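These notes are about the structure you will find just below.
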Amino acid sequence: MSRIAYLMSHYPAVSHAFVLREIEALRREGVDVATISIRRARPEDLLAPADRREASTTHNILPTSARRLLRAHARALLRAPGPYLSALGLALRTGSPGLRERLWHLFYFAEGILLAEHCRAAGIDHVHAQFADSATDAAMLASHYLAAARPEERTTWSLAVHGSVEFYNVIAYGLRVKLARASFAVAISDFGRSQLMTLSEPERWEHIHVVRCAVDTAAFRPPAGRSASATGAEVLCVGRLLPGKGLTLLLAAVAALRRAGLDVRLTLVGDGPARAALEETARREGVAEHVRFLGALGQDDVREHYAHADVFCLPSFAEGIPVVAMEAMAMELPVVSTRIMGLPELIEEGVDGILIRPGRTDELTAALEGLIRDPATRARLGRAGRAKIEREYESARSARALRAALASEGILDAPPGGSRPRVDELPVPEL
């Protein structure tokens, strides 16, 4: 069986715990998965025992010494000068024009040759790169060099595009080039796949697979009971503190609800560049004493906050399909979010969650107030949300879908008793 490597710019990472779950689920399916990170994980990312275990077995491309870097490039150049220079040319042609961008792509080329050397030494046959960032540049360049230098030992590659960041500047991320050169691509939603289809020729569409992110429902189990109060609630949001998360609107909604006489408290789990501005907004709105900024937490600690909250809210302006919403639903926590991008594929309005128009503080306030005053609806949505995750977003199901995609592309053997499926035969949620 082929040996697969997952490649990321930083791994493990707090905000990418779902990737670790995907890798663990693939391994349970019998797939030999190694992990590679361009940069070594930071101590602040290793907050859970699973993160620390994974970091101990992950190969890091960087940091490296100048001697090691120069020796690797000298060996690659002497072994196959034509493929080496061809990979260098590809690096300089990819991405946005400009001197600064060309310099960055020289760095990606340097990393790509180190990656190629590791893949050969470790017997890695296929690299699956997460997100269309510099890690995918390194994977593309390593595969390009190896395919030309040693065709009999070529290492193929694929990329997983999560959105929404990659869609903001498809030229800078080189998405069109990467989609054309990768063996295949994975999108986490039908919306995401449609965006990749716009950047690809029709004959490549069958090589763009939808594989949902997922939750381990055995780990994310609902608590025995939740508050039945109709006058107050603990609202939870989990995620990086970024302007695009719409948290300024959430703070304004909390202030409005408190003025309406409801005992609303807000807990924000996560950190990011918008934290200071959000703390100032909480003070300006007069709700600072009712808002907790907990910073980044490990998965075990985050589960405790899901268990104690009454409502989960993510009023984002742009998302792929947020895994934190899946986690909340698995914990039978009713979710309020926005009707954007891939989110309607996860949440059916009024059935297993509530969707509002993005940027509308009035709709956000009304949705939260309706749930706070109606504990029966909170419980109904929570139960339906858990059922949705069990049915369509469970880790084992997604791992089987990804294994099927790898088999359909000839990377892995077909699962026992099964044939290689077409992309339109892969499991998809019932809409």
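Of note:
- Cα shape, the range 273-364, gyration tensor, a/c 1.5 rule: oblate
- Label point at Ser2 placed 7 Å out along Cα→Cβ; residues across the range 200-238 whose backbone nitrogen lies under 17 Å: 206-211
- Net charge of neighbours whose Cβ lies under 9 Å from the Cβ of Ser143, counting Lys and Arg as +1 and Asp and Glu as -1: +2
- Helices in the chain, meaning DSSP H runs of at least 4 residues, each add -39500 (n - 2.57). Divided by all residues, the mean residue ellipticity at 222 nm is -14000 deg cm²/dmol.
- Considering only Thr198, His128, Ala405, the residue lying farthest towards the positive end of the dipole of the chain is His128, judged by Cα position with unit charges set on Cβ.
- Placing +1 on the Cβ of every Lys and Arg and -1 on the Cβ of every Asp and Glu, with no other charges, gives the range 1-151 a dipole of roughly 600 debye about its Cα centre.
- Whether the range 113-249 is rounded, prolate or oblate, judged on the alpha carbon gyration tensor where a/c under 1.5 counts as rounded: prolate
- Using 0.36 nm per residue and subtracting the Cα-Cα separation, the extra length available between Ala180 and Leu78 on full extension is 33.9 nm.
- The range 178-227-the range 26-45 distance, computed between alpha-carbon centres (Å): 19 Å
- Shape category assigned to the range 45-185 from the gyration tensor of Cα positions, a/c cut at 1.5: rounded
- Degrees, to the nearest 10: 81-93 long Cα axis against longest axis of the chain: 30 degrees
- Fraction of accessible area attributable to carbon and sulfur, the chain (%, probe 1.4 Å): 54 percent
- Positive dipole terminus of the range 302-421, leading residue within Gly350, Ile372, Ala318 (C-beta point charges): Gly350
- The angle between the Cα long axis of helix 247-259 and the longest principal axis of the Cα atoms of the chain comes to about 10 degrees, rounded to the nearest 10.
- Value of relative contact order over the chain, rounded to a whole percent, pairs C-alpha under 8 Å and six or more apart: 15 percent
- Arg27 versus Glu206: modelled label distance in nm, points set 7 Å from Cα along the beta carbon direction: 3.5 nm
- Highest-fluctuation residue, Ala25, Ala66, Ala139 considered, GNM on the chain with Cα pairs under 10 Å: Ala66
- Additional length obtainable on full extension of the chain from Arg373 to Arg68, 0.36 nm per residue less Cα span: 103.5 nm
- Placing +1 on the Cβ of every Lys and Arg and -1 on the Cβ of every Asp and Glu, with no other charges, gives the range 118-256 a dipole of roughly 220 debye about its Cα centre.
- The label-point distance for Glu153 and Ala121, in a model that sets each label 7 Å from Cα toward Cβ, rounds to 1.3 nm.
- Helix 375-392 vs. the chain, principal-axis angle (Cα, 0 to 90°, nearest 10): 20 degrees
- Phi-derived couplings, Karplus 6.51 cos²θ - 1.76 cosθ + 1.60 at θ = phi - 60°, listed residue by residue for the range 151-156: x, 6, 10, 4, 10, 8 Hz, with x used for Gly and Pro.
- Structure remark: mean-square fluctuation, Gaussian network model of the chain, C-alpha springs under 10 Å; the largest value among Ala138, Ala379, Ala325 belongs to Ala379.
- What separates the Cα centres of the range 111-164 and the range 361-414 is a distance of 31 Å.
- Take the range 236-330 with all the other protein chains still there, run a 1.4 Å probe, and you get 36 Å² of accessible area per residue.
- The charge dipole of the chain, taken about its Cα centre with unit charges on the Cβ of Lys, Arg, Asp and Glu (plus for the first two, minus for the last two), comes to roughly 1100 debye.
The values are calculated or read from the model by the stated rules, or taken from the named source; none is laboratory data. Every value quoted in this text rests on a predicted model; they were computed, and no experiment measured them. All Cβ positions, even for glycine, are placed from backbone atoms using ideal geometry, and neighbour counts span all protein chains on display. With ligands, DNA and RNA removed, areas are computed over all heavy atoms of the protein, side chains included. Shrake-Rupley method; radii C 1.70, N 1.55, O 1.52, S 1.80 Å.
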